[in-house]
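Report on the structure given below.
The values are calculated or read from the model by the stated rules, or taken from the named source; none is laboratory data. The shown structure was predicted, so the numbers you read here are calculated from the model rather than taken from an experiment. With ideal geometry, Cβ positions are generated from the backbone for all residues, glycine too; neighbour counts draw on all protein chains shown.
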């Protein structure tokens, strides 16, 4: 298949799935396999990592006003009742630490299973069940909340919730196919956040998490002798990387706004159903090969 068509398809897949609770890693691996691509090819492995830069960039732009308010109000918060330890900036950092710690400790275990499609399919199904149960039990909380109400909930969070959500997100790094957003959204709902607030904190926590994870993965993928491969980059390869990143950025930016509006009214169960169907379809496909 033409390299430019592959770039278009993978860029769209990354942009659509990065922030939806369906696992972008799973969808990229499945798409690459369905398209007959070599999952061990050095350039395309690097491509799948680099195009995550697009969604990373879209979040600080989309949430620029919220982030600016956070920094302007540090450490007291917008109402003056926060401290250095309870301000949303600190809580995001705490959640990130409790995400990154387990991931670094289990790095070797994680890397062994990143391309295991059968494990990805199973975790997609398991994640769908968890999301369905959690949303059915806690989803009515905050239904229809406005953006301002969700922002207030995030600002009222404490250290305990931040630690819990960080640990939940760590699970998504250990089991490919789980989805960072699924783990943080479900974790947020369980600890008392409304759907919109859980989603918003998931997006904001994604900024440091994706920067760290993408940088770490890219470094490892290009480090010969440690599971990485030397990739020859010519002008054609650079153009593909640029196009894939731009496509993923544009698509992800549109998805973020749509997803936030959807969740305020409808919840996450449709995505849980999709995970169940997609995971079962991948298992059936693997068994038929």
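Does region 147-158 hold any residues that are in contact with a helix residue (DSSP H, G or I) (Cβ under 6 Å, 6 or more places away or on another chain) and over 10 Å from residue 191 (Cβ atoms), and which are they? Before the answer, list the steps.
First, pick out the residues of region 147-158 that are in contact with a helix residue (DSSP H, G or I) (Cβ under 6 Å, 6 or more places away or on another chain): 150, 153-155, 157.
Matches in region 147-158: 150, 153, 154, 155.
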What number of residues within region 1-23 are closer than 20 Å to residue 202 by Cα and either part of a loop (DSSP other than H, G, I, E, B) or at pLDDT below 90 (or both)? 6
Output the residue which, of all residues in region 231-273 that are more than 28 Å from residue 43 (Cβ to Cβ) and touching a helix residue (DSSP H, G or I) at 6+ places or on another chain (Cβ under 6 Å), is surrounded by the most Cβ atoms within 10 Å (Cβ to Cβ). 268
Would you confirm whether any residue within region 174-187 is assigned to a loop (DSSP other than H, G, I, E, B), under 21 Å from residue 47 (Cα atoms) and over 16 Å from the mean Cα position of the chain (by Cα)? no
Could you tell me which of the residues 288, 181 is modelled with pLDDT of 85 or more and surrounded by 23 or more Cβ atoms within 10 Å (Cβ to Cβ)? 181
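Kindly indicate which of 7, 17, 25 is buried (at least 18 other Cβ atoms within 10 Å of the Cβ) and under 16 Å from residue 243 (Cα atoms).
Working: 17 fails: under 16 Å from residue 243 (Cα atoms); 25 fails: under 16 Å from residue 243 (Cα atoms).
Answer to the check: 7.
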Among what's in region 192-207 and is within 11 Å of the chain's Cα centre (by Cα) and closer than 14 Å to residue 162 by Cβ, pick the residue that is surrounded by the most Cβ atoms within 10 Å (Cβ to Cβ). 202
